[in-house]
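As structure tokens, the structure follows; a few thoughts come after it.
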Amino acid sequence: MLDRYAVMGFPISHSLSPVIHQQFAEQTGQKISYEAIEVRPESFDQAVEEFFNAGGQGINCTVPLKELAFKKADQLTERAKLSGAVNTLKRMEDGSLLGDNTDGIGLMTDLCKNLGLSLAGKRILVLGAGGATRGILGPLLEARPECLFLANRTIEKAQKLKAVFAPLGALDVSTYEDLLGNKFDLIINATSASLSGDVPPLPNGILAKQAVCYDLAYSKKPTAFTVWGKEKGAVLSVGGLGMLIEQAAQAFYIWRSVRPDTKPVVNKINTAGGH
């Protein structure tokens with residue numbers, strides 16, 4: 001009998017998670033099945049209960065279910081508490097559900113290990129104050145940048161996050177227009193806008209020399225934001241495939257206590273053109 005895992009989201013057909021986890025399982029000799037299940041927010045609770053009652057062991061949650069998974073978990077890791085969102089649920093031996101958020105560690109592993117960046121003393125800008133941002137602010141602050149700016153269309157949402165993360169360090173909040181005159185070494189797009197072809201209205205001259213642009217979103221074609229980064233002269237402008245695979249590796253480790261090697265999986269998906 002294979003241990004069952006799944007990713008839930010809406011929509012979900014585009015998800016690379018089944019491919020990624022199947023490769024992890026083959027590589028580490030773990031006997032699991034992993035499927036993508038389309039779940040609308042209103043039927044999330046029921047879907048989770050049915051899955052675990054039928055013997056399921058773990059679930060990854062993606063948009064728009066991460067905040068619902070946060071509420072559904074019986075216990076939360078510290079990083080999940082801070083993020084207010086859960087992307088990994090694990091059924092514990094007593095039947096209770098542990099909620100974790102592996103997005104932040106996925107991003108940091110991709111930035112620092114895979115891309116070889118050092119964030120200490122750097123000027124970092126995060127775009128957008130939604131759920132994706134909450135998962136990454138903690139690890140970014142812990143990396144001790146010179147400054148961390150959070151820009152959003154409405155300043156109120158950014159100010160709420162500033163208050164939540166104050167214990168970890170100073171967060172400068174701003175509208176997009178008010179960024180004029182600042183230069184950043186790393187700009188992270190945490191809005192979903194670039195998948196629909198939009199880029200936040202950023203002022204010109206915002207990239208420092210040798211700046212890097214990183215889009216949390218991932219698609220087979222370059223996103224609008226990664227294209228913008230290249231046009232503006234970033235030395236590196238990439239989408240979030242590496243983060244996707246690294247956060248999956250962390251979830252796999254939480255479930256199976258085995259850490260897969262992500263490099264061959266990144267290479268395989270890149271070679272396949274994201275298919």
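The values are calculated or read from the model by the stated rules, or taken from the named source; none is laboratory data. Small disclaimer: the values here were computed from a predicted structure and weren't measured. With ideal geometry, Cβ positions are generated from the backbone for all residues, glycine too; neighbour counts draw on all protein chains shown. The area values use the complete protein model at the heavy-atom level, side chains included, leaving out ligands, DNA and RNA. Shrake-Rupley method; radii C 1.70, N 1.55, O 1.52, S 1.80 Å.
Condition first: under 16 Å from the mean Cα position of the chain (by Cα) and either more than 19 Å from ASN114 (Cβ to Cβ) or not charged (D, E, K, R) (or both). Now tell me which residues in region 206-222 satisfy that. Once the filter is applied, which keeps residues that are under 16 Å from the mean Cα position of the chain (by Cα) and either more than 19 Å from ASN114 (Cβ to Cβ) or not charged (D, E, K, R) (or both), region 206-222 yields CYS213, TYR214, LEU216, ALA217, TYR218, SER219.
Count of region 140-170 residues, restricted to those that are touching a residue at least 24 places away in the same chain (Cβ under 8 Å), among the small types (Gly, Ala, Ser) and part of a helix (DSSP H, G or I), is 1. ILE206 satisfies every condition listed in (1) open to solvent by 10 Å² or more (accessible area, probe 1.4 Å); (2) at pLDDT 95 or above; (3) closer than 23 Å to VAL227 by Cα except (1). From the list PHE149, PHE165, the one residue that fits, being aromatic (Phe, Trp, Tyr), open to solvent by 20 Å² or more (accessible area, probe 1.4 Å) and more than 15 Å from the chain's Cα centre (by Cα), is PHE149.
Restricting region 175-201 to residues that are over 24 Å from SER118 (Cα atoms) and either in contact with a Pro (Cβ under 6 Å, 6 or more places away or on another chain) or part of a strand (DSSP E or B) (or both) leaves a set whose member that is most open to solvent (accessible area, probe 1.4 Å) is LEU180. The helices (runs of 4 or more DSSP H) located wholly in region 28-130 that include 1 or more residues which are surrounded by fewer than 17 Cβ atoms within 10 Å (Cβ to Cβ) and not hydrophobic (A, V, I, L, M, F, W, C) occupy 44-53, 66-72, 78-83. Looking across region 218-235, the residues that are of a type outside the set (Lys, Arg) and either at pLDDT below 90 or surrounded by fewer than 16 Cβ atoms within 10 Å (Cβ to Cβ) (or both) come down to TYR218, SER219, GLU231, GLY233, VAL235. Only one of these is more than 20 Å from ILE254 (Cα to Cα) and touching a residue at least 40 places away in the same chain (Cβ under 8 Å): ILE32, ILE12, ILE37. Name it. When all the criteria are applied, what remains is ILE12. Candidates are the residues of region 1-27 that are part of a loop (DSSP other than H, G, I, E, B) and either among the hydroxyl-bearing types (Ser, Thr, Tyr) or under 20 Å from the mean Cα position of the chain (by Cα) (or both); the one that is surrounded by the fewest Cβ atoms within 10 Å (Cβ to Cβ) is SER13.
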